[in-house]
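A short write-up of the structure that comes next.
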Amino acid sequence: MKHDEMIGKVQALAQLPDRGSAERATHAVLSTLSERLPSGLARHVAAQLPPDLAAAVRQAVDASTSPDAGTSGERFGLTVFAGRIADRAGSDEDTALRDAAAVLEVLDAALAPELTERMAGALPADIRELLPVERALERETG
């Protein structure tokens, strides 16, 4: 999926007023997600993204990975996830969660299905609930 298409879809799904807001939201979510995922998995995600979005993922991975930290992502749940996105995007946590759900839905469509499954498996249940596959499963079982 191309950059403009991804940003346009995020803007539409999150009902953002302009492309700049969609860009900020997308970068904030991808950066925060990259901190949470194991570094190798985050780099696989980056490899399937348009160059500037991939750069945001790689930059976040490089910033959060110290030489002695190993390859596992930071451990944090939904509250910290939303807070970091809100800080980066200049929004509140409710908006951050809405934006995250939109970005993750677009990411789900942009990535290979097996990569999305690996990503879901690396996230805690509270963040995983933002993924479209999980929302569908939740509706079926709820």
Pair list, Cβ under 7 Å, 6 or more apart: region 16-27 residue farther than 16 Å from D92 by Cα, other residue modelled with pLDDT of 95 or more: R19/I7; R19/Q11; E23/I7
Condition check for D94: assigned to a helix (DSSP H, G or I) and over 14 Å from the mean Cα position of the chain (by Cα): yes
Residues being in a helix (DSSP H, G or I) and open to solvent by 10 Å² or more (accessible area, probe 1.4 Å) - total across region 7-38: 14
In region 113-131, the residues that are surrounded by 19 or more Cβ atoms within 10 Å (Cβ to Cβ) and under 12 Å from V45 (Cα atoms): T116, M119
Selection status of A101, within 20 Å of L41 (Cα to Cα), at pLDDT 95 or above, under 15 Å from the mean Cα position of the chain (by Cα) and assigned to a helix (DSSP H, G or I): yes
Qualifying residues in region 66-81 (those that are surrounded by 13 or more Cβ atoms within 10 Å (Cβ to Cβ) and within 24 Å of R24 (Cβ to Cβ)) - the one modelled with the lowest pLDDT: G73
Residues (acidic (D, E) and without any contact (Cβ under 8 Å) to a residue 12 or more places away in the chain) located in region 95-116: E114
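The values are calculated or read from the model by the stated rules, or taken from the named source; none is laboratory data. Keep in mind that what you see is a predicted model, and the values were worked out from it rather than measured. Heads up, the Cβs are rebuilt from the backbone with ideal geometry, glycines too, and the neighbour counts pull from every protein chain shown. When the accessible area is computed, the model is the full protein with side chains, heavy atoms only, and any ligands, DNA or RNA have been set aside. Shrake-Rupley method; radii C 1.70, N 1.55, O 1.52, S 1.80 Å.
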